[in-house]
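Chemist: After the structure tokens below, expect a handful of questions from me.
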Amino acid sequence: MQKAIQSVRGMRDLLPAETPRWRLIEDETRALLAAFGYDEVRLPLLEPTTLFSRGVGESTDIVEKEMYSLQDRDGDSLTLRPEGTAGCVRLGLQHGLLFNQQQRLWYAGPMFRYERPQKGRYRQFDQIGVEAFGASDPALDAELIQFGDVLLRRLGLREQVALELNTLGSGDSRAAHREALVAYLTPLREKLDADSQRRLDRNPLRILDSKDPNTQALLKDAPRLQDFLDDASQAHFAQLCAHLDQIGISYRLNPGLVRGLDYYTHSVFEWVTDELGAQGTVCAGGRYDSLVEQLGGRSTPGAGFAIGVDRLVLLHEAVHGAWPGPALDVYATVAEPEQAGAALAFCQQLRAVVPGLRVRLDTAGGKLKNQFKRADASGARWALVLGAEEIAAGKATVKWLRESQPQAMLGLDELRQMLTTTGPG
RNA sequence: GUGGGCGUAGCUCAGCUGGUAGAGCUCCGGAUUGUGAUUCCGGCGGUCGUGGGUUCAAGCCCCCUCGUCCACCCCA
């Protein structure tokens, strides 16, 4: 025996028992996106590496150590997309969709980051990205949050998820605060915990969120981002909060909420649950007014968020448990191998006459007893027997597997009648 | 990248102080010539994750390594 080949670490297979739950979440999201007037785009999985180093930020964890990069045959550096926003902006610029226009776009598919896998975190993971361009009004930020609220309600997950909100202010105010923070902390460097010492160079904002009590004590008099917000930034955020109040969406202000991607400005938000362990962020996003310019376009405001499909699936499973029902309505058995051809024909006639009916024909053969065992295990509501007698009469024997109803031999028309008038089981 | 838990049949797991690898479920056959979910009988199924070491003897002890899960970090 050859050594069995396994899937790549952190890249999962989805088995038949799980895919219906995925489809439920994908279908609900797609329907809601249509209802909000969003248009679908499809993006390549592979992009030029520079798109991400320029878009996401040179010194972010994603770019520094998590990208799957490879050399193309002509020496160009390509990267498996670690997130979707940069690619979506690239698409908009390349096709002239952004300048002086309003665009509402969405896309779905896998993203790739080289991280240590754990619950809710995988090297290939699925996102549905929602992006809106051309509007700087906080009403857009509010609508993106409203979308998340409605989606979570539709999935029956709203009670398990809370909204966290923060503002980073304009690019200028963010930079000024960062400078002041670094100036304040640098003399204290030796007293910080190890993680925060590293953050001091990379992402000082995150130090504010340190779990180390010693570090927290040192931060008591640290410069606060709020004090650096200019009037316009403050007004923008106040307006967003007012909108949310008006549509009845409650939120928790979290000054420690700092998105790890460099492109965020003004509002940032996360939908968070505590039912998934450490990786509890189920959707997250914010405004990125300077990203388009950073990627070479005319300055265009934008905002968006990403839905972590893997995590929504996990949460749905944790909250709603077993799901869904059986995948079959009818399981057809064949008495002897000689009747297989006629059975193939009969099953297809049945599918044709009853649209949507799910009919599986047993092709494993063997004793009728075993075919019935499989019929039972399949979850189907009815079993059919196709044998010499039935074929000769152009009929099939129908047996109810879940209810006590008499077994009967019926023709195609009677069968259609019975199956279409029987309510859902 | 760091830390901890776990790797024994297709699945869930037992396996004592080192002494001939087990159970339940699944699957197949039979009791029942063409009828499941209950019962009874029988059967298939294992390089004990991999490689090395200690020992008369290793699933068990030691070392390496791989995989997996959870956490840190970070993020969807």
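The values are calculated or read from the model by the stated rules, or taken from the named source; none is laboratory data. Given the structure is predicted, the values throughout are model-derived calculations rather than measurements. FYI the Cβ positions are ideal-geometry reconstructions off the backbone, even for glycines, and counts take in every protein chain you see. Accessible surface is based on the protein model in full, side chains and every heavy atom, while ligands, DNA and RNA are left aside. Shrake-Rupley method; radii C 1.70, N 1.55, O 1.52, S 1.80 Å.
Chemist: Output the residues belonging to region A:42-60 that are charged (D, E, K, R) and within 21 Å of the chain's Cα centre (by Cα).
Modeler: If we filter region A:42-60 for residues that are charged (D, E, K, R), which is where we start, we get A:42, A:47, A:54, A:58.
Within region A:42-60, A:R42, A:E47 qualify.
Chemist: Working only within region A:39-69, note down all residues that are closer than 18 Å to A:L261 by Cα and among the hydroxyl-bearing types (S, T, Y).
Modeler: Across region A:39-69, the qualifying residues are A:T49, A:T50, A:S53, A:S59, A:T60, A:Y68.
Chemist: Between a residue in region A:118-135 that is touching a residue at least 40 places away in the same chain (Cβ under 8 Å) and under 15 Å from A:T281 (Cβ atoms) and any residue that is within 6 Å of RNA strand B (Cβ to nearest atom) and open to solvent by 30 Å² or more (accessible area, probe 1.4 Å), which pairs come within a Cβ distance under 6 Å, given they are 6 or more apart or on different chains?
Modeler: Short answer, once both residue conditions are applied: A:K119/A:G277; A:G120/A:Q279; A:G120/A:R311; A:R121/A:Q279.
Okay, residues lined up against (1) basic (K, R); (2) more than 18 Å from the chain's Cα centre (by Cα); (3) farther than 19 Å from A:V292 by Cα:
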position: A:R81; (1), (2), (3): yes, no, no
position: A:T85; (1), (2), (3): no, no, no
position: A:V130; (1), (2), (3): no, no, no
position: A:G148; (1), (2), (3): no, no, yes
position: A:L152; (1), (2), (3): no, no, yes
position: A:L157; (1), (2), (3): no, no, yes
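Chemist: Given region A:1-82, what helices (runs of 4 or more DSSP H) lie entirely inside it while holding 2 or more residues that are open to solvent by 40 Å² or more (accessible area, probe 1.4 Å) and under 20 Å from A:I307 (Cβ atoms)? Spell out the reasoning first.
Modeler: Details: elements: A:19-35, A:49-55, A:61-65.
Answer list for region A:1-82: A:19-35.
Chemist: For region A:202-215, check the following and say yes or no: at least one residue is more than 30 Å from A:S136 (Cα to Cα), open to solvent by 10 Å² or more (accessible area, probe 1.4 Å) and assigned to a helix (DSSP H, G or I).
Modeler: There is at least one residue in region A:202-215 that is more than 30 Å from A:S136 (Cα to Cα), open to solvent by 10 Å² or more (accessible area, probe 1.4 Å) and assigned to a helix (DSSP H, G or I).
Chemist: Please count how many residues of region A:222-261 are part of a helix (DSSP H, G or I) and within 24 Å of the chain's Cα centre (by Cα). It would help to see each step written out before you state the result.
Modeler: Step one: list which residues in region A:222-261 are part of a helix (DSSP H, G or I), which gives A:225-228, A:231-246.
Going one step further and asking which of them are within 24 Å of the chain's Cα centre (by Cα), we end up with A:244.
Total meeting the criteria: 1.
Chemist: Still on this structure, please answer the following. Any idea which of (1) assigned to a strand (DSSP E or B); (2) within 11 Å of RNA strand B (Cβ to nearest atom); (3) under 22 Å from A:R174 (Cβ atoms) is the one A:A303 doesn't satisfy?
Modeler: (2)
Chemist: Right, here's the next one. Suppose we filter region A:273-313 for residues that are under 17 Å from A:R158 (Cα atoms) and either open to solvent by 40 Å² or more (accessible area, probe 1.4 Å) or without any contact (Cβ under 8 Å) to a residue 60 or more places away in the chain (or both); how many remain?
Modeler: Qualifying residue count, region A:273-313: 5.
Chemist: Quick one: would you say A:R360 is crowded, with 17+ Cβ neighbours inside 10 Å and touching a residue at least 24 places away in the same chain (Cβ under 8 Å)?
Modeler: Details: crowded, with 17+ Cβ neighbours inside 10 Å: no; touching a residue at least 24 places away in the same chain (Cβ under 8 Å): yes.
So A:R360 fails the test.
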